[in-house]
Amino acid sequence: MGKDLLLKLERETQLLLAPEQLVDIIVEQAIAIEKLNSRILELEEKIEKLKVSRDLDSSISSKPPSGDILKKTENKQQDKLLESEAPKRKPGGQPGHKGKTRSGFGRVDRFEILRPTDCVYCGQKAFA
């Protein structure tokens, strides 16, 4: 029997079918269910393998850090989402923060004029 016929079967039409036809339908459905169950098991195994390989990175295995590229990009996307939720601050001093400045030298008590004895470039001893 075709799939179109199986989909169109309603209760009234099923009551009109012969027992052999009903058995054929049941057998076809059992085969389809068996195929789907085996496919589900196969996909569940694949998911488990992927979960294990996803959780391995250089911090918990002997993998080199260059293999963590995919993991790092996933973390960056999560970090960006978290940053967008956090309130943004303007750069510089924040309101309410007491600033710290260096105190000056105070009063100058003496000064000296220093003149070089020799020219660094030409070697002359006299300066004008």
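The values are calculated or read from the model by the stated rules, or taken from the named source; none is laboratory data. Being a predicted model, the structure only gives us computed values, none of them experimental. Here the Cβ is made from the backbone with ideal geometry for all residues, glycine too, and neighbour counts use every protein chain on show.
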**OP:** Go through the residues of the range 7-30 one by one and say whether even a single one is out of contact with any Cys (no Cβ under 6 Å at 6 or more places or on another chain), modelled with pLDDT under 75 and either assigned to a helix (DSSP H, G or I) or loosely packed, with under 10 Cβ neighbours inside 10 Å (or both).
**Re:** yes
Original post:
When you go through Lys71, Lys46, Lys51 one by one, which is the residue that is of a type in the set (D, E, K, R), surrounded by 10 or more Cβ atoms within 10 Å (Cβ to Cβ), at pLDDT 80 or above and not in a loop (DSSP other than H, G, I, E, B)?
Top reply: Lys46
